[in-house]
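The values are calculated or read from the model by the stated rules, or taken from the named source; none is laboratory data. Everything numeric here is computed off the predicted structure, so don't read it as measured data. Using ideal geometry, Cβ is built from the backbone for each residue, glycine included, and neighbour counts are taken over all protein chains shown. Just the protein is used for accessible areas: all its heavy atoms, side chains included, with ligands, DNA and RNA removed. Shrake-Rupley method; radii C 1.70, N 1.55, O 1.52, S 1.80 Å.
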Amino acid sequence: MTEHDDLFDRLWTGAAPMEEWTRTVSGGAIKPVADGVVAIHTGYFFGNAAAIRTNVGLVLVDSGSRETASQTLAALRRWDDSPVHTVIYTHGHIDHSWGARLLDQEADARSTARPRIIAHRNVLYRFERYDATHGLNSLVMGRQFNQPGYVFPDGHRRPDEVYDDQLALTIGGVRIELAHGRGETDDATFVWLPEQRVLVSGDFVIWAFPNAGNPRKVQRFAPDWAATLRRMQTLNAEVLIPGHGPAVSGEARVSQILADGAQVLESLTRQTLERLNAGLSLNEILHSVAAPANLLAKPYLLPKYDDPEFVVRNIWHLFAGWFDGNPAGLKPAPTAELASELAALAGGADRLAQRAASLAAEGRIRLAAHLAELAGSAAPHDRAIQTTRSKVYEKCGSTETSLIGKAIYAVFQREAETLAAS
Ligand SMILES: [Zn+2]
């Protein structure tokens, strides 16, 4: 058994953290998975790529993140120096599509043809949306990854060819089948190599709880995501190259990671729909739906990036729109007015803040956050109140498991600290 296989076994059982795998691939690593097929890794948070040798050049599935695409390309070139004939985007997210511009630059420098880029039709609409919402995306991504000053890329490399439901290609003698499904995005493609029995899933598999609830992103599609994982299961793939994390080898393991991902999304969808149909409010649903604990404990379904509670919200939104069932929220008063009114009733904004601090000390952080926020809205320039507010969000972040949740709390903790110091 190779060292790498040993690490994989420990990742699979949860004995090794994903950071250990990231260390082994950082700088760019090639992992052969079948004859003429490799996975290219640069670390957990950076999208994987896959490369396929053909008689007319290389086919790439995805092209790497802005941060590491040059490593992706360098690793590819250590393996094979042939021209890149075709690039398939599994979806238009920048951690998968950004690197295409490097491939264009390389082709120009070598005076060879630029690669043909193929994607689902909705990638075109995504890039139009990115152009229309550049400021929003910079803000949202900066908050999601807790990177103040983050600037979202522009000049997205558009696909040259798009398809709708499925597309079967033969490129340089290699059969390559593309199929569309909705999941994290509406523009997703999974790629199947029937001769090698290799499945390239894109972000349908990410070695973490499915990112189907992201608070500030456009609609995600948990039920469709589950259905697409079930379709992938019917392929009986021998190897799965996921969007993030190590490749999975062996039919049984591939089937299990697909089935477990489907099952947890099916469960959340079923529970949410039952309650929607029974007329419960969003708040009641959030506090009564839970992901099955045995699935949440799987090393490849840990809620370390997204949070199942956010996914429940997104399922609500998919079926039921934005109104959460609380009539006071249908046409709300300005937040500062409501906060001032409640602060006056409580005997002052500082009373709200004091109660927030004691609730936080008792571990009742959800209630503490409500009161701290009301206190801060009623008296935004009160330094003591802002200090309490920052401590409450620090506590919220320390008990949060998801990267997105932690980052959002950290942003508001920092905002309160700045106000407290001003
Ligand atoms: Zn990704």
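Odds and ends about this structure:
- Close amide-amide hydrogen proximity is noted between Asp160 and Ile117, Ile118, each under 5 Å apart and 5 or more residues distant or on a separate chain (H modeled in the peptide plane; Pro and chain starts excluded).
- As a length-normalised measure over Cα pairs under 8 Å and 6 or more apart, the relative contact order of region 207-355 settles at 32 percent.
- Rounded to two decimals, the Cα radius of gyration of the chain over 2.2 N^0.38 Å is 1.07.
- Interchain or long-range residues, amide H under 5 Å from Phe204's placed H: Gly243
- Percent carbon-and-sulfur accessible area, region 1-71, ignoring ligands, DNA and RNA, probe 1.4 Å: 50 percent
- Accessible area expressed per residue, region 1-88, with surrounding protein chains retained (probe 1.4 Å, Å²): 42 Å²
- Using the 1.4 Å probe convention, the accessible area of region 333-421 works out to 53 Å² per residue with neighbouring protein chains retained.
- Assuming charge only on the beta carbon of Lys and Arg (+1) and of Asp and Glu (-1), the dipole of region 3-248 about its Cα centre is about 420 debye to the nearest 20.
- Unsatisfied cross-links (Cα-Cα over 29 Å) in the set Lys304/Lys331; Lys217/Lys331; Lys331/Lys395: Lys304/Lys331; Lys331/Lys395
- What the Cα atoms of region 189-270 give is an Rg and a Dmax of 12.4, 40 Å.
- Listed residues Ser390, Thr185, Ala339: farthest to the positive end of the dipole of the chain (Cβ charges): Ala339
- Farthest toward positive dipole pole in the chain [+1 Lys/Arg, -1 Asp/Glu at C-beta], among Pro299, Thr418, Val87: Thr418
- Projected onto their three principal axes, the Cα atoms of region 73-187 cover extents of 45, 34, 21 Å, largest first.
- Electrostatic dipole magnitude of the chain [Cβ: Lys, Arg +1; Asp, Glu -1; Cα centre; debye, to 20]: 500 debye
- Largest accessible area first, the residues Glu177, Glu106, Glu337 order themselves as Glu337, Glu177, Glu106 under a 1.4 Å probe with ligands, DNA and RNA left out.
- ³J(HN,Hα), Karplus 6.51/-1.76/1.60, whole Hz, each residue of region 304-314, x for Gly, Pro: 9, 10, 9, 10, x, 5, 5, 5, 4, 4, 5
- Apportionment of accessible area to carbon and sulfur, region 140-191, percent (1.4 Å): 43 percent
- Under Karplus coefficients 6.51, -1.76 and 1.60, residue-wise ³J(HN,Hα) of region 249-261 in Hz, glycine/proline x: 10, x, 4, 5, 5, 4, 4, 5, 5, 5, 5, 5, x
- Calculated from the alpha-carbon coordinates, region 3-248 shows an Rg and a Dmax of 17.0, 48 Å respectively.
- In the chain, taking the dipole from charged Cβ atoms about the Cα centre, the farthest positive-side position among Thr24, Leu235, Gly36 is held by Thr24.
- Here the extension length gained between Arg175 and Leu367 equals 63.5 nm, from 0.36 nm per residue of separation less the Cα-Cα distance.
- For Lys304, the accessible surface of its heavy atoms amounts to roughly 70 Å² (probe 1.4 Å, protein chains only, rounded to the nearest 10).
- Calculated SAXS-style log₁₀ I(q)/I(0) at q = 0.23 Å⁻¹ - region 333-421, Debye, Cα scatterers: -1.06
- For Asn283 and Asp160, the difference between the fully extended length at 0.36 nm per residue and the C-alpha to C-alpha distance is 39.8 nm.
- Net length available on complete extension from Leu338 to Thr401 is 19.6 nm, with 0.36 nm assigned per residue and the Cα-Cα distance removed.
- Evaluating 6.51 cos²θ - 1.76 cosθ + 1.60 at θ = phi - 60° for every residue in region 415-422, the Karplus couplings come out as 4, 5, 4, 5, 5, 5, 8, 8 Hz, glycine and proline recorded as x.
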